[in-house]
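Here is the structure we will look at, set down as structure tokens.
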Amino acid sequence: MKRGRQNTRCPAGHSGQPLCVPARSQTGFALLELLIVAALILILFVLYWGSGTETREHRQRTACRQNLQAIYMALKIYADQQSGKFPVVAGAPTAAEALDVLVPQYTIDTSVFVCPTSKDRPLPAGESFRKRRISYAYYMGRSDAGALEVLMTDWQVDTLSKTAGQVVFSETGQAPGNNHGKAGGNLLFTDGHADWCPPRAPGSLVFTQGVVLLNPL
């Protein structure tokens, strides 16, 4: 017995055109869905990661700047209790020895003393780091009552004064001064704001009287 053929004819509308639309191929529909999903994933990836390395570096610089600004809060509280003077430890050979006075009375968060892109080891929370290594350089001898000056920076290539155009941070990506490879470093000022600096100083970083630059080591 022959099966009856399915009626595939569509009724005509007033204009004489068929009222029904031919069904799309399920294979074609699934492929289109797949392409749309792939395109959305690609868009989200680009939005999240941006241009790749450049965006990651920007996030790392921001995290480092936030570390310095967190340290500044402790420095400011200290200075408010010391007639505006930031920590001075006579004969301190490193930044860690000078800044150790902040812990634990003014801050217990020692993680902020380590740059997130450096290879420095984490510090024990709330404990003295006087004999340990931190990531930042410190201009010891400054106060918050004077002119706007640089107070802390990423690890520098040396502890000398620097004029505009001189090397502050590594230009090769090799130590010393390479917290951020060869990209440069952050500068924290005595008013608490921080700026990004290329490897060579855009302006003067010359010491004022009584100020010494202490590196992490």
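Values in this text are rule-based calculations from the coordinates and carry no lab data. This structure is a prediction, so every number in the text was calculated from the model and none was measured. Note that each Cβ is placed from the backbone with ideal geometry, even for glycine, and that neighbours are counted across all protein chains shown.
A few points about this structure:
- Cβ-defined net charge surrounding L217, 15 Å radius [Lys, Arg +1; Asp, Glu -1]: +1
- Pairwise FRET efficiency - L31 versus Q69, Cβ, R0 = 45 Å, nearest 0.05: 0.30
- Table column - 3J(HN,Hα) (Hz), the stretch 164-170, Karplus curve with 6.51, -1.76, 1.60, x for Gly and Pro: 4, x, 7, 6, 9, 10, 3
- Three semi-axes describe the equivalent ellipsoid of the stretch 58-214; taken as square roots of 5 times the Cα gyration tensor eigenvalues and ordered largest first, they are 22, 19, 14 Å.
- Potential lengthening between H58 and Q82 on full extension [0.36 nm per residue; Cα-Cα distance subtracted]: 5.1 nm
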